[in-house]
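Please see the structure below; I have some questions.
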Amino acid sequence: QAQLVESGGGSVQPGGSLTLSCKASGDIFSIYIMGWYRQSPGKSRVLVADITGNRVTNYMDSVRGRFTISRDNAKKMIYLQMNDLKPEDTGVYYCHLQGYGASSWGQGTQVTVSS
(Lines give C-alpha, C1' and ligand atoms only; values in the text may rest on other atoms or scores of the structure.)
Protein backbone atom coordinates (compact mmCIF):
# COMPACT_ATOMS: atom_id res chain seq x y z
CA GLN A 1 0.00 0.00 0.00
CA ALA A 2 1.31 3.42 -0.94
CA GLN A 3 2.48 5.74 1.81
CA LEU A 4 1.84 9.47 1.57
CA VAL A 5 3.79 12.22 3.31
CA GLU A 6 2.55 15.82 3.31
CA SER A 7 4.56 18.96 3.92
CA GLY A 8 4.22 22.71 3.57
CA GLY A 9 1.61 23.63 6.15
CA GLY A 10 1.96 26.60 8.44
CA SER A 11 0.42 29.79 9.73
CA VAL A 12 -0.38 32.73 7.49
CA GLN A 13 -2.40 35.90 7.60
CA PRO A 14 -5.57 36.28 5.54
CA GLY A 15 -4.70 36.96 1.93
CA GLY A 16 -1.47 35.00 2.18
CA SER A 17 -0.31 31.96 0.23
CA LEU A 18 0.96 28.48 0.99
CA THR A 19 1.91 25.50 -1.13
CA LEU A 20 1.32 21.99 0.18
CA SER A 21 3.23 19.00 -1.16
CA CYS A 22 2.59 15.28 -0.93
CA LYS A 23 5.11 12.57 -1.76
CA ALA A 24 3.91 9.06 -2.57
CA SER A 25 5.85 5.84 -2.24
CA GLY A 26 5.38 2.75 -4.35
CA ASP A 27 6.01 1.75 -7.93
CA ILE A 28 2.80 2.96 -9.54
CA PHE A 29 1.48 6.50 -9.17
CA SER A 30 0.16 7.90 -12.43
CA ILE A 31 -2.96 5.70 -12.51
CA TYR A 32 -4.37 6.98 -9.22
CA ILE A 33 -6.71 9.85 -8.46
CA MET A 34 -4.95 12.10 -5.97
CA GLY A 35 -6.73 14.53 -3.73
CA TRP A 36 -6.45 17.04 -0.93
CA TYR A 37 -8.99 16.91 1.89
CA ARG A 38 -9.46 19.32 4.78
CA GLN A 39 -10.72 18.69 8.28
CA SER A 40 -11.59 21.84 10.18
CA PRO A 41 -12.18 21.87 13.95
CA GLY A 42 -15.51 20.23 14.77
CA LYS A 43 -16.24 19.38 11.14
CA SER A 44 -16.04 16.36 8.89
CA ARG A 45 -13.24 15.83 6.43
CA VAL A 46 -14.15 17.30 3.04
CA LEU A 47 -12.67 17.13 -0.42
CA VAL A 48 -10.87 20.34 -1.36
CA ALA A 49 -9.54 19.33 -4.77
CA ASP A 50 -8.56 16.25 -6.72
CA ILE A 51 -6.74 15.40 -9.92
CA THR A 52 -6.84 12.34 -12.15
CA GLY A 53 -3.86 10.64 -13.70
CA ASN A 54 -4.37 12.62 -16.91
CA ARG A 55 -4.70 15.85 -14.91
CA VAL A 56 -8.43 16.45 -14.94
CA THR A 57 -9.09 18.59 -11.87
CA ASN A 58 -12.03 19.18 -9.55
CA TYR A 59 -12.43 21.81 -6.81
CA MET A 60 -14.84 22.56 -4.02
CA ASP A 61 -16.74 25.75 -4.77
CA SER A 62 -15.21 27.85 -2.00
CA VAL A 63 -11.63 27.38 -3.24
CA ARG A 64 -12.14 27.46 -7.00
CA GLY A 65 -10.07 30.27 -8.47
CA ARG A 66 -7.86 30.52 -5.37
CA PHE A 67 -6.36 27.01 -5.12
CA THR A 68 -4.58 25.02 -7.79
CA ILE A 69 -3.91 21.29 -7.59
CA SER A 70 -1.17 19.77 -9.72
CA ARG A 71 0.86 16.59 -9.97
CA ASP A 72 4.25 15.43 -11.16
CA ASN A 73 3.94 11.76 -12.01
CA ALA A 74 7.68 11.29 -12.52
CA LYS A 75 8.38 12.54 -8.99
CA LYS A 76 5.25 10.90 -7.50
CA MET A 77 4.24 14.24 -6.05
CA ILE A 78 1.11 16.33 -5.87
CA TYR A 79 0.83 19.96 -4.87
CA LEU A 80 -1.82 22.38 -3.68
CA GLN A 81 -1.05 26.01 -4.34
CA MET A 82 -3.29 28.07 -2.05
CA ASN A 83 -3.65 31.80 -2.68
CA ASP A 84 -5.77 34.49 -1.04
CA LEU A 85 -6.19 32.31 2.03
CA LYS A 86 -9.15 32.94 4.31
CA PRO A 87 -9.73 32.04 7.96
CA GLU A 88 -12.27 29.42 6.85
CA ASP A 89 -9.46 27.59 5.03
CA THR A 90 -7.99 26.67 8.41
CA GLY A 91 -7.72 22.97 9.12
CA VAL A 92 -5.65 19.87 8.75
CA TYR A 93 -5.02 19.06 5.10
CA TYR A 94 -4.70 15.42 4.11
CA CYS A 95 -3.34 13.91 0.93
CA HIS A 96 -5.33 10.98 -0.43
CA LEU A 97 -4.71 8.34 -3.09
CA GLN A 98 -7.48 6.24 -4.58
CA GLY A 99 -8.19 3.90 -7.45
CA TYR A 100 -8.08 0.24 -8.49
CA GLY A 101 -9.08 -0.87 -5.00
CA ALA A 102 -6.41 1.23 -3.31
CA SER A 103 -6.96 3.98 -0.76
CA SER A 104 -4.28 5.68 1.32
CA TRP A 105 -4.13 8.75 3.54
CA GLY A 106 -1.24 10.89 4.64
CA GLN A 107 -0.74 11.99 8.23
CA GLY A 108 -1.98 15.52 7.56
CA THR A 109 -0.45 18.98 7.72
CA GLN A 110 -1.91 21.92 9.66
CA VAL A 111 -2.86 25.14 7.89
CA THR A 112 -3.87 28.08 10.06
CA VAL A 113 -5.12 31.34 8.60
CA SER A 114 -5.43 34.05 11.19
CA SER A 115 -4.66 37.71 11.72
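If I ask for residues that are in contact with a Lys or Arg (Cβ under 7 Å, 6 or more places away or on another chain) and in a strand (DSSP E or B), which ones from the range 21-37 would you list?
Here is the first cut: in the range 21-37, the ones in contact with a Lys or Arg (Cβ under 7 Å, 6 or more places away or on another chain) are 23-24, 29, 34, 37.
Matches in the range 21-37: K23, A24, M34, Y37.
Within the range 41-48, can one find any residue that is loosely packed, with under 14 Cβ neighbours inside 10 Å, of a type outside the set (A, V, I, L, M), out of contact with any Lys or Arg (no Cβ under 6 Å at 6 or more places or on another chain) and more than 22 Å from S11 (Cβ to Cβ)?
Yes, some residue in the range 41-48 is loosely packed, with under 14 Cβ neighbours inside 10 Å, of a type outside the set (A, V, I, L, M), out of contact with any Lys or Arg (no Cβ under 6 Å at 6 or more places or on another chain) and more than 22 Å from S11 (Cβ to Cβ).
If you don't mind, there's one more thing I want to ask. Being part of a strand (DSSP E or B), closer than 17 Å to Y93 by Cβ and free of Cβ contacts under 8 Å to residues at least 40 places away in the same chain is the filter here, so list the residues in the range 51-80 that pass it. Before you say what the answer is, go through the steps one by one.
Here is the first cut: in the range 51-80, the residues part of a strand (DSSP E or B) are 51, 57-59, 64, 67-72, 77-80.
Checking which are closer than 17 Å to Y93 by Cβ leaves us with 51, 57-59, 64, 67-71, 77-80.
The answer is I51, T57, N58, Y59, R64, F67, T68, I69, S70, R71.
Looking for something in contact with a helix residue (DSSP H, G or I) (Cβ under 8 Å, 6 or more places away or on another chain), closer than 21 Å to G16 by Cβ and open to solvent by 70 Å² or more (accessible area, probe 1.4 Å) - is there at least one such residue anywhere in the range 85-97? Spell out the reasoning first.
Keep residues of the range 85-97 that are in contact with a helix residue (DSSP H, G or I) (Cβ under 8 Å, 6 or more places away or on another chain), which gives 88-89.
Next cut, closer than 21 Å to G16 by Cβ only: 88-89.
Narrowing the set further to residues that are open to solvent by 70 Å² or more (accessible area, probe 1.4 Å) leaves 88.
Within the range 85-97 (the criterion being in contact with a helix residue (DSSP H, G or I) (Cβ under 8 Å, 6 or more places away or on another chain), closer than 21 Å to G16 by Cβ and open to solvent by 70 Å² or more (accessible area, probe 1.4 Å)), the answer is yes, since at least one residue qualifies.
Of all the residues that make up the range 54-84, how many are open to solvent by 20 Å² or more (accessible area, probe 1.4 Å) and either within 21 Å of V12 (Cα to Cα) or not charged (D, E, K, R) (or both)?
19
The values are calculated or read from the model by the stated rules, or taken from the named source; none is laboratory data. Keep in mind that what you see is a predicted model, and the values were worked out from it rather than measured. Note that each Cβ is placed from the backbone with ideal geometry, even for glycine, and that neighbours are counted across all protein chains shown. When the accessible area is computed, the model is the full protein with side chains, heavy atoms only, and any ligands, DNA or RNA have been set aside. Shrake-Rupley method; radii C 1.70, N 1.55, O 1.52, S 1.80 Å.
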